[in-house]
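To start, the structure under review is shown below, and the notes come after it.
The values are calculated or read from the model by the stated rules, or taken from the named source; none is laboratory data. Source: prediction; values computed, not measured. Cβ placement follows ideal geometry from the backbone for every residue including glycine, while neighbour counts extend to all protein chains displayed. Just the protein is used for accessible areas: all its heavy atoms, side chains included, with ligands, DNA and RNA removed. Shrake-Rupley method; radii C 1.70, N 1.55, O 1.52, S 1.80 Å.
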Amino acid sequence: MKDKKKVWIIGHKNPDTDSICAAIAYTDLKNKIGDARYESKRAGELNEETKYVLEHFKVTPPGYVPDVGAQVKDIEIRRTAGVDSHISMKTAWELMKAENVVTLPVTSPEGALEGLIITGDIATSYMDVYDSEILARARTQYKNIIETLNATLLEGNDHAYFTKGKVAVATSSPEMLEEYIEDDDLVILGNRYEVQLCALELNASCIIVCYGAKVSQTIRKMARERGCILMTTPYDTFTVARLINQSIPIKYFMRRENLVTFDSEEYMEDVKEIMSKERHRDFPILDQDGKYVGMISRRNLLNMKKKQVILVDHNEKSQAVDGIGGAEILEIIDHHRLGSLETMSPVFFRNQPLGCTSTIIYQMYREKEIEIPKKIAGLLCSAIVSDTLMFRSPTCTAIDRAAAEDLAQIAGIQIEELARNMFQAGSDFKSKSPEEIFYQDFKTFFVSEGDFGVGQISAMSREELEEVKEKLLPYLETVLKERKLHMVYVMLTNILEESTELIYLGTNARQYAERAFHIHQTEEGDSLALKGVVSRKKQFIPALMSALQEE
């Protein structure tokens, strides 16, 4: 049976409780009604409130995914088998023809990449080598010579190596041979007995008898006694002389240094950039242990399979997981304003003006007449309580409240008790760094009037928020520089008092906020009091956008 395609369901960066719980719940629903294998993922670290919820309902957190761009492992990798470095150039060439490739990976017995041999290297060995001693320098195994010449070993050990001497063709008289045959030479000759005898007397280390000629027992005995390799081949001397360099082991010509390899986990955007600067046709792929996996070429990029994702609780490119431009978005489930995401083809997009994405997921369970599991009901209820600040936020609708109450009944929980414990867990800031506090709920917005970011920290008491304020004020400068924003705001929201203290930094940040909420504080101070403002989505962002557009 063919494996089902894999689809990731993922929320925004710096995920809140709704983002995580909606992803988990929608994954459960899609696996019951869909035709793929759905997995929930997260694009950032969990905040303390969300950790509490998952631990309370004994649900495993989604796996972390920093980037959904296509990776090397997502494309079709050619599984060209690695070859041993001792095989001959001729064998390598035959493998290339059989596999219809121009590059062979050379690997160790353990699978590590040792080098590459390409058709150009074989051409070099055949066309550009005029050195008669190259077989010895390359430590050519006699086994390779026998295979290359289709020879038959008569005497000696085919696993031995030719390591000293030159290659000589003995076509002259014995008297002439004495002038150029030296100790340990490899001699190519014919069927003349006296020439064979002379080569042995001159201490040849290997004799190749051509034309398939029979060799006398005397010559064989003498070769055996002198430790001379003796073989016969059906080829003539010209053919043998032409072919013998093809018996050189590929390790002598293979490329070992400056190899351009890619890890199977690398992202294709980076791979394509490197490929564009290299003239190589094929590139080896290594796994996470550095072992050879296969080969890719530029043409493999044409069949690249993008990761398929479903986005929940956002539709802004700036808030999406990295690499979203290289992924295929199948669906978007959200309750925010329409953002900046673009898709290559039409997608299922469900966007409703509700207080929480998890309310939409609840509706979809009901519409599909799928029973909501107890744990999932607990997660969905927690998300609604979190996003609506226990129904205090102006984003909360009667639909949200009714959904939460129904889910609480399914999960067997008390909403007030759950909310108190959640918010208490989320407002434990004592052991956290300014960075951890700031990014637990932060979103960026890119507009022509000036890019800005808005964070929100909610707590049950004024004292907790004062503690957070002292930590965050000095950190805002760092955020501006690192994120290259014009302005940054943090909403310090008091859940019980239903109000927000706004801290800020950036060019005209205070003026825009004052204009947005029609207030003017005569004292300078470092914050603005926003009574009745608790929702970033429905109250703060629309008002600030309007103020920016008045410029």
Can you tell me which of (1) surrounded by fewer than 17 Cβ atoms within 10 Å (Cβ to Cβ); (2) in contact (Cβ under 8 Å) with a residue 60 or more places away in the chain; (3) assigned to a helix (DSSP H, G or I) is the one Leu302 doesn't meet? (2)
Could you list all residues from segment 416-443 that are over 18 Å from Asp18 (Cβ atoms) and open to solvent by less than 30 Å² (accessible area, probe 1.4 Å)? Phe429, Lys432, Ile437, Phe438
Could you identify the single residue in Glu470, Glu405 that is among the acidic types (Asp, Glu), open to solvent by 20 Å² or more (accessible area, probe 1.4 Å) and farther than 19 Å from Thr500 by Cβ? Glu405
With the condition kept exactly as written, say whether any residue in segment 278-299 is more than 30 Å from Lys143 (Cβ to Cβ), part of a loop (DSSP other than H, G, I, E, B) and open to solvent by less than 30 Å² (accessible area, probe 1.4 Å). no
Quick check on Ala92: is it surrounded by 16 or more Cβ atoms within 10 Å (Cβ to Cβ), among the small types (Gly, Ala, Ser), in contact (Cβ under 8 Å) with a residue 24 or more places away in the chain and more than 22 Å from Asp282 (Cα to Cα)? no
How many residues are touching a helix residue (DSSP H, G or I) at 6+ places or on another chain (Cβ under 8 Å) and either over 15 Å from Gly455 (Cα atoms) or open to solvent by 30 Å² or more (accessible area, probe 1.4 Å) (or both) when one looks only at segment 507-518? 4
Could you say whether any residue in segment 55-76 is hydroxyl-bearing (Ser, Thr, Tyr) and touching a residue at least 40 places away in the same chain (Cβ under 8 Å)? no
Checked pairs for segment 344-371, first charged (D, E, K, R), second surrounded by fewer than 23 Cβ atoms within 10 Å (Cβ to Cβ), C-beta under 6 Å and 6 or more apart or across chains, list as Lys368/Ile33
Note on Ile87: of the conditions (1) open to solvent by less than 30 Å² (accessible area, probe 1.4 Å); (2) out of contact with any strand residue (DSSP E or B) (no Cβ under 6 Å at 6 or more places or on another chain); (3) of a type in the set (A, V, I, L, M); (4) modelled with pLDDT of 90 or more, unmet is (1)
With respect to Gly63, determine if the residue is within 25 Å of Lys443 (Cβ to Cβ), open to solvent by 20 Å² or more (accessible area, probe 1.4 Å) and not hydroxyl-bearing (Ser, Thr, Tyr). yes
Looking only at residues that are among the hydroxyl-bearing types (Ser, Thr, Tyr) and in a loop (DSSP other than H, G, I, E, B) in segment 164-186, which one is surrounded by the fewest Cβ atoms within 10 Å (Cβ to Cβ)? Ser173
